[in-house]
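Below is one structure, written out as structure tokens; the observations come after it.
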Amino acid sequence: MCSRESSKAALWAAFVFLPLLVAATLWPGLRGGFLFDDYANLPALGAFGPMDGWRPLLLYLTSGFADPLGRPLAMASFLIDARGWPADSAAFLRTNLIIHSLNAVLVALLGARLLAGQPGASRWVPLLAAALWALHPMQGTTALYIVQRHALLAATFSLLGLLAFVALWRAAPDRRPFWALAYGAAGAAAVACKLNGLLLPVLALALLPLLQREPTPHGAPWRWAAWLAAAPAIGIVLLLALQVPAAIAGAEALRDFSLTGRVLAQPGILLGYLADLATVAPQSGDLMFNPPTVPTGIGDPHFWWPAALLAAVTATCVALWQRSPVLVSAWFFFLGGHLIESGPVNLELAFAHRNYLPSVLLFLPVAIGLARLPLAAPLKAAMGLGAVAVVALVLHSEAQLWGQPRLLAEVWAQRSPASERAQVHAATWDLWYQDPARGLARLATWRARAPHSTQVALTLLDLECALGSVSADVRAAVPQAIASDRRGLAITLTMVDTHASRYANCTDDAPSVPAVLEAIAANPHWRSDAAKRDIAFSQAGWLAGSGKVDAAAATLGALPAPLPCGPVLRGAALLAEHGAKDEALAWLDARFPGCDAAPAPAGMPRVHRWLRDQLGVDAGERQALEAMIRE
């Protein structure tokens, strides 16, 4: 009877009290707003007109660009919150909170299912482990950063897939096909949310140290495990290896570090994730971080020391394979969950949200260790509740910060003094709140520290413009940074396109547009066809706005064919907007036939291109634009 009552209480706690506690802890963060990559991903909600039929819906769902598969299921989830753009951030944040609360329940269920076959396992252990995971301040970034809906949903379906895999392991032979289908469907859904969903077979393999110890009345389904987990896992590793050449080229074009440096930095970054989990540090949930030192080679202690430590822990887990299967599974789950984003791909070095799914089992050995302490049950319960209270209070304080964007920017800048992104973000808030002097003081040392950063140079220019004059060193720093920056083309072109309004308060000391355009043309990193096209459109926009419409038309006309249909329509609209209607129509007649002749990148972009062609989207937009021009 006592065991039955305890089971019911644990069940109620998992399904009711845990999600309520997670929601209450994160609730202050719902007052926050959109940030960074939100503005790159969410405007697609309004890019195809009102969501009043299947046509705009299909165009929207295939417009994703975050990975080759486009993340259509995660994009579809944003339609729960808004059907256009701009939109209210609160609805998006509420949905994120609901999904994170659901994931907390799924983590508790997975822990309970994994421990069901272990002798003497307390029913409260998986609940404690799930609470410690869900309420850890490191999860604040994933739950309260709207665009991380991708990571949240990928974790949801991965957890469902793992639950199906565990059920398959214990099922009767005639039920195994059903659970195999459920596993496959969950994996496909996870991949449709984020490419990390591909790691489901790797994560399933990590559960085998626990599952293989169980007596199974129908025999262990090793053949199913081989087909559903081992074979796909090998395929994933080979797929990652095939990405290396493109990742090397991408890192050279976009990053301040090489792909080799990125891979060598990952052991230290993985240890950093573990340290943040262990210390319950508030800054573990920041979007900003002090950039780690990128190792220069395998002899660099920034590589070999963390790599040796990770190897030692891994070897210890192998030695404990039979004695501590929970620890072994949790460790290999953690390593396997980082295979993609800590692997040979062209991404930033580190972000806390990458540790969301890999960390779900790490608190299970901690909870088991607490349950096995030779202490009185009330004392162990008090220790567990105390640990949950500590992480919940820290996460709650972080959620309060996320609900106050300006204060959040200030705190991030204080916590990450070596982060260029954190300092520029805070200085931008200083500018918005009409305190440019504070922003200049914040960035005083960054002129020398980041001479090649367009982001720093343009923010300094904005701040000085707000004060009414531009110093000689900032005036010189802008073209110098632009001429050598690898990553700042979009920022630079935005500056050029909005020059008149951006520098309305400036004196003639501000850099001229011709000087900026010369710096852009001199940058050796901006030589791709797409970069040249974007630069030409900015040049044409400035020329047309200055009354030099013929020169603008000549600049556009010099672009090599074929062009994508979007830029062709944009060029016609630009010329027509400045009174050159005949030139706009001539541009359309010359450039629209054969536009988009170049193949789209493989994956969802190619599907989107095909769909636009089948629906006649570009032809319809041309007709509408021509009608407007002829009015």
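The values are calculated or read from the model by the stated rules, or taken from the named source; none is laboratory data. The shown structure was predicted, so the numbers you read here are calculated from the model rather than taken from an experiment. Cβ sites come from the backbone with ideal geometry, for glycine too, and all protein chains shown count toward neighbours. Areas reflect the complete protein model, heavy atoms only, side chains present, ligands, DNA and RNA absent. Shrake-Rupley method; radii C 1.70, N 1.55, O 1.52, S 1.80 Å.
Key figures for this structure:
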read-out: Neighbours by Cβ (under 8 Å, 6+ apart or cross-chain): first from region 376-395, closer than 18 Å to Ala24 by Cβ and touching a residue at least 60 places away in the same chain (Cβ under 8 Å); second among the polar types (S, T, N, Q) and part of a helix (DSSP H, G or I); value: Ala392/Thr25; Leu395/Thr25; Leu395/Gln139
read-out: Near pairs, Cβ below 6 angstrom, 6+ apart or cross-chain, from region 443-458 (over 14 Å from Pro417 (Cβ atoms)) to any residue that is in a loop (DSSP other than H, G, I, E, B) and of a type in the set (A, V, I, L, M); value: Val456/Ala450
read-out: Any hit, region 280-297, residues being at pLDDT 80 or above, in contact with a Ser or Thr (Cβ under 6 Å, 6 or more places away or on another chain) and surrounded by fewer than 19 Cβ atoms within 10 Å (Cβ to Cβ); value: no
read-out: Filter result (in contact with a Lys or Arg (Cβ under 9 Å, 6 or more places away or on another chain), open to solvent by less than 50 Å² (accessible area, probe 1.4 Å), closer than 28 Å to Arg94 by Cβ and not small (Gly, Ala, Ser)) within region 416-446; value: Trp429
read-out: Criterion (in contact with a helix residue (DSSP H, G or I) (Cβ under 9 Å, 6 or more places away or on another chain) and modelled with pLDDT of 90 or more) met by exactly one of Arg421, Arg406; value: Arg406
read-out: Single condition Ala627 does not satisfy, out of (1) assigned to a helix (DSSP H, G or I); (2) open to solvent by 50 Å² or more (accessible area, probe 1.4 Å); (3) touching a residue at least 12 places away in the same chain (Cβ under 8 Å); (4) not charged (D, E, K, R); value: (3)
read-out: Matching residues in region 350-393 - criterion: being in a loop (DSSP other than H, G, I, E, B) and over 17 Å from Gln148 (Cα atoms); value: Leu361, Leu362, Arg372, Leu373, Pro374, Leu375, Ala376
read-out: Residues being over 23 Å from Ala186 (Cα atoms) and among the charged types (D, E, K, R) - total across region 44-80; value: 2
read-out: Qualifying residue in region 62-71 (condition: out of contact with any strand residue (DSSP E or B) (no Cβ under 6 Å at 6 or more places or on another chain) and not in a loop (DSSP other than H, G, I, E, B)); value: no
read-out: Hits in region 332-351 - residues which are open to solvent by less than 20 Å² (accessible area, probe 1.4 Å) and at pLDDT 90 or above; value: Phe333, Phe334, Gly336, Gly337, His338
read-out: Total residues in region 153-183, condition of a type in the set (A, V, I, L, M) and more than 21 Å from Val202 (Cβ to Cβ); value: 2
read-out: Which numbered condition Val607 misses (of (1) β-branched (Val, Ile, Thr); (2) open to solvent by 40 Å² or more (accessible area, probe 1.4 Å); (3) touching a His at 6+ places or on another chain (Cβ under 9 Å)); value: (3)
read-out: Answer residue from region 370-415, given it is among the small types (Gly, Ala, Ser), touching a Pro at 6+ places or on another chain (Cβ under 9 Å) and surrounded by 16 or more Cβ atoms within 10 Å (Cβ to Cβ) and is nearest to Phe289 (Cα to Cα) among those; value: Ala399
